[in-house]
Every structure is written in structure tokens, then in C-alpha cells.
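Here is the structure we will look at.
Quick note: the coordinates plus some simple rules give every number you see, no bench work behind them. The structure presented is a predicted model; accordingly, all values stated were derived computationally and were not measured. Backbone-built Cβ (ideal geometry, glycine too); neighbour counts: all protein chains shown.
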Amino acid sequence: MGTKFLSLATLALSASSVSWNATPFNPPSVPLAVRTPYLSVWLPQGAGTALNGAWPQFWTGSTLGWAGYIRVDGATYTFLGDPAVPGAKSAVQKSLEFTSMQSIFVMTAGPVDINVNFLSPVEPTDFLKQSIPFSYLALSAVSNDGRSHTVSVYTDISAEWVSGDDSLTVNWTTTTGNILTHQVMLENQELYAEYNDHIQQGAAYYSTQNSSSVTYQTGQDAIVRAQFIKNGVLANIEDINFRAVNNDWPVFAFAHDLGTVSTTASVPVIYTVGHVRDPAIQYIVANDVYQPRSIYFWSAYSSVADLISDFVGDYSAALGRAQAFDLKVQSDASAISSNYAAVVALSVRQAFGALEITLSKKSDGSWNADDILIFLKEISSDGNVNTVDVMMPAWPILLYTNPPLGRYLLLGLLEYQATGQYPNAWAAHDLGKSYPNATGHNAGNDEAMPLEECGNMLIMVLSYTQKSYDMSLITQYTDLLNQWTGYIVAEALIPANQISTDDFAGALANQTNLAINGVIGIQAMSTISGILGDTVNQQNYSSIVQRYVPQLLDYATSSDGLHLTLNYGHEDSWGLSYNLYADKLLGTNVFPESVYDMQTAWYATVINTYGVPLDTRHTYTKSDWELWTAAIMTNTTTRDLFIDSVYKYAADGESNKPLGDWYDTLDGTVHGFRARPVVGGHLALLAL
Ligand SMILES: *[C@@H]1O[C@H](CO)[C@@H](O)[C@H](O)[C@H]1NC(C)=O
Ligand SMILES: *[C@@H]1O[C@H](CO)[C@@H](O)[C@H](O)[C@H]1NC(C)=O
Ligand SMILES: *[C@@H]1O[C@H](CO)[C@@H](O)[C@H](O)[C@H]1NC(C)=O
Ligand SMILES: *[C@@H]1O[C@H](CO)[C@@H](O)[C@H](O)[C@H]1NC(C)=O
Ligand SMILES: *[C@@H]1O[C@H](CO)[C@@H](O)[C@H](O)[C@H]1NC(C)=O
Ligand SMILES: *[C@@H]1O[C@H](CO)[C@@H](O)[C@H](O)[C@H]1NC(C)=O
């Protein structure tokens, strides 16, 4: 109890260090438009940065120009970005609130407040909507002094949204009609290529609904912005001098005249922003053929203009769905604790923002509606495609929101390995070294994590099957699953010197956690065999597990019986035995309750200010594994110690990068990772 009160007091302090109201807290970086690996826009925070105190950034930290002004009775205020064009004052941030899908700022511009809502939809059960690589910005103004005021609003984006190299040439067009859209793209398109993690293909789109009160303009940043600051309207002209992103910085702007604004909030003005490329992914099929794949939404739209028109028109409904989803997540997670609900809300967009849902075409050019595959980019640690040991920590969010998402994420790996092109006896680490190239590893030289990935695949396949009552994966890929089980049977009890998912911690022989993962994997295959009616394998695998478990516990329990060791025979070593989570998730009950009680009691004695270290080699930890571990604690006080320490880290104001899962337990500083989908593992308690 004492520890908990202390940490809450510290939190109250850090929360009050920003001058605005932050609900539930001021995060390391605020998600603004986060939907895909290439539409990933954030506002860096550190100790606290107002919406108009810095430029928005791509997840890597590179600038993405996105500017906003509001003009009130002839005086112009900046509310978004850091454009520094003379003649505008700065609005003052009043509040920031984030939910699972929305980041909502209120900025005071003299006598008017502007409500700025960034909505990045998460649509787990609607693949068409989930696949749309667009996000909303909604602006609404209200008088704060009881009087009426004349108000207009302005926003623009720069060409930084389409390239990782600002010296490259872009071109652009503006289309008019019911919807006004600026399109900007690289003049030299490079299929499937990335510079600094930006895709060098496709186009960015900035749109708004037309009315008689809308104006537009494209041109040099300082000129277009000055036009609005001075006049409150744009000139409806296009600059057609195509040039480099950083050559007199072309920007793409819209302004809305809101007329007279009173103490009733104005009807929101909607902007949408997105990035579209086609084809999106190349994927290896049989005979080393690379298949081009398109984002799922193309099966319902023949043009980006039609897609944008529907997306703009869907705003009110999308907001309604977002509010319902936000409320459900908030209420489910609050049943654990309010700190837990806060961490979960920050994790949802980040996890979904690494995914893309795709389809292939038949030879006649029509869509192959049954051939859905979901791809995941291993953001920031490296650019691997569908990394198994990144899917695994993220897995709880897929189970919680819609298990078929997991099916289509696994399917690409299963199909590829069933072609026989992957040469190793164990499960592949990933589907391709560099997103968006899901081109496999026919040379078998992917990062070797043999035990980790075999166990992970078996566990994910069974958990999908259990949650969905769909036997298709286990029926179709039985041979592959048996092959991987055979590998684990031979290797898991005495794990060879190898890395686990925590590869940054280095290789180690006899890792207890890998043996645990393997044994649960074998039991998973026993259960799968039982579902398939294969009683021979069912009994064989479970009798092996029964033999292994006492041996494993004998090797891995410290002689004082207080904890499992990190690796066999190293008495004083220990680590987060997060792999036990799968035993609860699958209901396999391989390990006795006494092991959970032992680990629960132990962690309460070794927790640092910001959590329990990953293992005894270092003081750092992983937030995803901490919350997996929290989910298996048999004592809710200790469970809450884990949750509160992750909250404390996330809210400590030390980082200005999209939430990193790898951080130090002594001082709360973040290590190299950021924006990774593994934060889906923060929902571990909701998936049980
Ligand atoms: C926007 O709509 C108005 C009518 O409401 C029309 O007069 C105007 O031409 C349209 N603007 C553009 C740029 O299409
Ligand atoms: C912009 O560049 C692309 C790619 O080279 C080209 O297809 C397109 O026609 C260009 N658009 C304009 C308006 O010049
Ligand atoms: C993907 O492969 C293509 C060749 O097919 C290559 O041009 C591109 O650079 C690769 N992308 C990445 C991110 O490595
Ligand atoms: C049990 O499974 C292991 C691993 O696949 C295999 O080596 C062994 O032959 C099997 N035993 C029986 C009786 O099926
Ligand atoms: C791994 O553990 C087994 C069982 O305790 C032991 O025989 C073996 O020497 C250990 N291997 C290493 C490399 O420490
Ligand atoms: C739960 O753990 C806390 C320490 O974190 C301890 O004080 C408390 O007695 C434990 N409760 C039970 C029921 O074991």
C-alpha cells in the first residue's frame, strides 16, 4: 500500500507540471493521425508541448508540416504547428485529452476557444473501414466571453508527408467540387522503397468538404500562410511550379469562414488526411514469385476520390463508433484500474497503426475477396514484416478486439512456410526483412529465434482457434504445426545458447522462459491434436509435457524455492516469466498454481521505482512483458504494482517519442524503441 500511495503522489506532481488540463495524463507523444506504418503523425511532448509549440512529427521524429490558424475579429492565432509567420499570435492550450481513438485539444484564441479533435478510427470488425489509410481533423469554435465573434479557420500540410528526403521533387494537383482535395506526390515514384522509413511511393491527400465559405490555395508556406493571416481567406489559386519538398516549402491549404460564432459551439469543420499507394505490398507465393497486393479498401472503390468522398461523409458515424469503442475499452479497463485504462487508451492506435489489410487480384484482374492477408511492420526496432515475436506480444489486442485479425496476420507466415521454400526445421522469424517487402527468407538466414518462434506460432494458432471456433488454420497447416512441435520436443527442455524475443539482452543457454514457452507450445499442439481427433499425438504430446514440467521446474527453481531463475543453475538470477501468460490464455494449466504464487511473491520484493527489471542482467524492462506478467499475478496488490509502474513511466514526462516499450526501471528513461505495435500487449489483462 505504502508504495502505491507514494507513486500516486509523484504522478500528481508530474501531471501538474503542464499548464493545461491533461486527461488522463500528458503522454510522451500524442497520436494525431496514426493509422498505418506510413500514416503515423504525432505531437512530441517531453515535459509538455502545446499543440502550437512544435511541429507534428512522423514516428521517426522527422517533421511533418501541419499548420493551423484561427482568425477572430481580424486577429489571427496559431493553434497547430510552429509556422512562425509574422502577424499571428499564439493560442493558449487549455486542455488535452486522449482516448483510444481521439486526441482532443482545446486552444484559447482570445475571446474564442477552438476544439481540435484528431480522430484516427480503429475499426477492428470492419476490414474495409480499418484498411482506409486516412484520419480526421475536426475543428469547432465557441465564444468564451459571452459575446459573438467573427471567426475563420485555416489548416495546411506540407510535402514532407510524402518523402523521407526533403530534397526530392514533388508535384501536386487540387481537385474541386463537393469535396476539395489537394494531392501531392513524389515525381520519381519508387515501388516498395523506403527512405528513412517513409514510403517513396503513392500520394498524400488533404481534403475538406466544399461550401460557399471555403477557400483554398497552394504555394510557398510563408506566402500562403501570410495570405490567411492578413485576409482570413485564401486566393483559390494554385502554384504549379513543381519543386523539391524543401524548395520554398510548398504547402496545401484550406480555409473555412465560420461566420459569427457565439456561445454555442459551431458545427465542426472536417479535414481528412491520408496516404495511399498501390500496390502496397509484395508477397512471396510458391516458386519464388512475388505477388503484388493492394490495400483492402480498393475492393470497394475505383478511385481515391470516391474513397475520400465516403470517408468525409462518414465523419459523424465514425465519431459515434469511436465514442462507443472508446467507452467500451475505458469501461473494461477501468474494471482493473484507472491507471490501467489510461495506459490502454494510449496503446490502441499505436498497435493498430502498424497493420495493413490487403487483398490480391485474380489473373483476370478482379479482386480475390477470399485472399485477405494482414501485414505488420516491426516499427523502429527494425523494419521486418510480420515478425512472429512482435505479433506475439501484440496478440492480446487482436484477441480482445476481433480474433480474425490474428488469423489473417498468421496466414501469410503459414502459407509461405507451407510452400516449402523456407528451409529451416523451426518457424521463421518473419516474412521479410524490410517492409513492405514480404518476400520471405528462402535462404533461411532470417534472425534465428528457433524456440521462441515455434512456441509463439503454436500458441497464437491455438488461441485464435479457441476464440473463434474456426478450425481452418489447424486443419490446413497440421503438418507444419507438428513439424514445429517436433523441434520443440527435441530442444525446449534444455534450450541451446540462443536469443529470445528480447534479442537486445543477448543470447543465453538454458533460458527458463524459453523452456516455459516451448512446453506450453507442446501442450498447445496436444490440444490442437485433440480438436482434430488425433488422439495419438494428443496423448504423446501431453505425456511429454508431463515428463518435462517437473524436470524444468527442478532445473529452474532457485534452491531456496523463492523464484524461477533466468537460466538453469544460476541461483541468483531471475527474470519476468511472462511466457506463463500463455498457459492462462489457452487454459492449458501446464504449470501448477504454486509457480504463479511463487513468482507473484517474488516480484513484489524486487520491484524498482519504475517496475520490475526484465531480468538480472540489466535494470531495464519491457512494458508489454510487465503487463503480461501483471495478468498472471495471483495477488491484485502486486498486479497493480506492475500496472502503476508502467503508468508512472508513461506519464513521467521524460520522453518525447511515441510510447516506447523498453525503458529503465530505476529512472524511467526510455531505450531505443518507439511506436511499436507490441503495446497491444498492454491489453493482456483484457484478453484473459
Ligand atoms: C464550392 O461550392 C460552391 C457552392 O457552394 C461553389 O460556388 C464553388 O465553386 C465550389 N468551389 C470549388 C472550388 O469547387
Ligand atoms: C506527378 O508525378 C507522377 C509520377 O511521376 C506522374 O504520374 C503525374 O502525372 C505527375 N502529376 C502532375 C500533375 O504532373
Ligand atoms: C523492396 O524491394 C524492392 C525491389 O523489389 C526495392 O526496390 C525496395 O528498395 C525494397 N524496399 C525496402 C524497404 O527494402
Ligand atoms: C511423440 O512425438 C515426438 C516428437 O514429434 C516423436 O519424436 C515421437 O516419435 C512421438 N512418439 C509417439 C509414440 O508417437
Ligand atoms: C543446461 O542445463 C543442463 C541441465 O541443468 C546442464 O546439463 C547443461 O550443462 C546446461 N548447459 C549450459 C550451456 O549451461
Ligand atoms: C499481496 O502482496 C502484497 C505485497 O505486494 C502483500 O503485502 C500482501 O500481503 C499480499 N496479499 C496476499 C493475500 O498474499
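Quick notes on this one:
- Counting only Cα atoms, the stretch 337-687 measures 62, 48, 35 Å along its principal axes, largest extent leading.
- For T173 and S331, a Förster radius of 60 Å and the Cβ-Cβ distance give a FRET efficiency of 0.85, rounded to the nearest 0.05.
- When only alpha carbons are used to place a centre, the stretch 445-499 and the stretch 608-641 end up 26 Å from one another.
- Distance between modelled label sites at E190 and A300, nm, 7 Å Cα→Cβ extension: 3.4 nm
- In plain terms, the residue of W172, W367 with the fewest other Cβ atoms within 10 Å comes first and the most crowded comes last, giving W367, W172.
- Subtracting the Cα-Cα distance of D479 and S212 from 0.36 nm times their residue separation leaves 89.7 nm of extension gain.
- Descending semi-axes in whole angstrom, ellipsoid equivalent of the stretch 198-343, from the Cα gyration tensor: 33, 29, 16
- With Rh defined as the Kirkwood radius, the inverse of the mean 1/r over Cα pairs, the Rg/Rh of the stretch 321-398 is 1.11.
- With the gyration tensor restricted to C-alpha atoms of the stretch 602-687, the semi-axes of the equivalent ellipsoid amount to 19, 15, 11 Å, longest first.
- Alpha-carbon spread of the stretch 28-277, three principal axes, descending order, Å: 55, 41, 37
- Given +1 at the Cβ of Lys and Arg, -1 at the Cβ of Asp and Glu and no other charges, the dipole of the stretch 28-277 around its Cα centre is 560 debye to the nearest 20.
- Percent breakdown of C-alpha pair distances by 10 Å bin, ordered from the shortest bin, for the chain: 3, 15, 25, 24, 17, 10, 4, 1, 0
- Over the stretch 61-206, the pair-distance histogram of Cα-Cα distances with 10 Å bins from zero comes to 10, 30, 35, 20, 5, 0 percent, rounded to whole numbers.
- Inter-part distance where the stretch 64-93 and the stretch 104-135 are each reduced to a Cα centre, Å: 19 Å
- For the pair T636 and N442, label points projected 7 Å from Cα toward Cβ lie 5.6 nm apart.
- Shape metrics for the stretch 449-492, restricted to C-alpha atoms - Rg then Dmax, Å: 10.7, 31
- Taking N as the residue count of the stretch 510-549, its C-alpha radius of gyration divided by 2.2 N^0.38 Å amounts to 1.17.
- The calculated FRET efficiency for S90 paired with T535, based on their beta-carbon distance and R0 = 51 Å, is about 0.10.
- Counting 0.36 nm for each residue step from Y469 to A425 and taking away their Cα separation leaves a gain of 13.0 nm.
- Overall dimensions of the stretch 143-231 as given by Cα atoms, namely Rg and Dmax in Å: 16.6, 55
- At R0 = 22 Å, FRET efficiency that the Cβ-Cβ distance of D288 and S363 yields, to 0.05: 0.75
- Stokes-Einstein diffusion of the stretch 442-551 at 10 °C, 1.306 mPa s viscosity, Kirkwood radius from Cα pairs, rounded to a whole number: 111 µm²/s.
- Positive-end ranking of Y69, G46, L119 along the dipole of the chain, with charges on Cβ about the Cα centre, is headed by Y69.
- Centre separation in Å (Cα based) which lies between the stretch 509-582 and the stretch 304-346: 39 Å
- Relative contact order, percent, the chain [alpha-carbon distance under 8 Å, six or more residues apart]: 13 percent
- The label point for N246 and the one for F504, both projected 7 Å from the Cα toward the Cβ, are 2.8 nm apart.
- When K361, K377 are sorted by how many other C-beta atoms sit within 10 angstrom of their C-beta, beginning with the fewest, the order is K361, K377.
- Reference-scaled alpha-carbon Rg (2.2 N^0.38 Å with N residues) for the stretch 21-90: 1.19
- Violating pairs (Cα-Cα greater than 25 angstrom) within the set K89/K648; K584/K657; K129/K657; K94/K657; K433/K622: K89/K648; K584/K657; K129/K657
- Helix-only CD estimate at 222 nm, as mean residue ellipticity for the chain, using -39500 (n - 2.57) per DSSP H run (n ≥ 4): -10500 deg cm²/dmol
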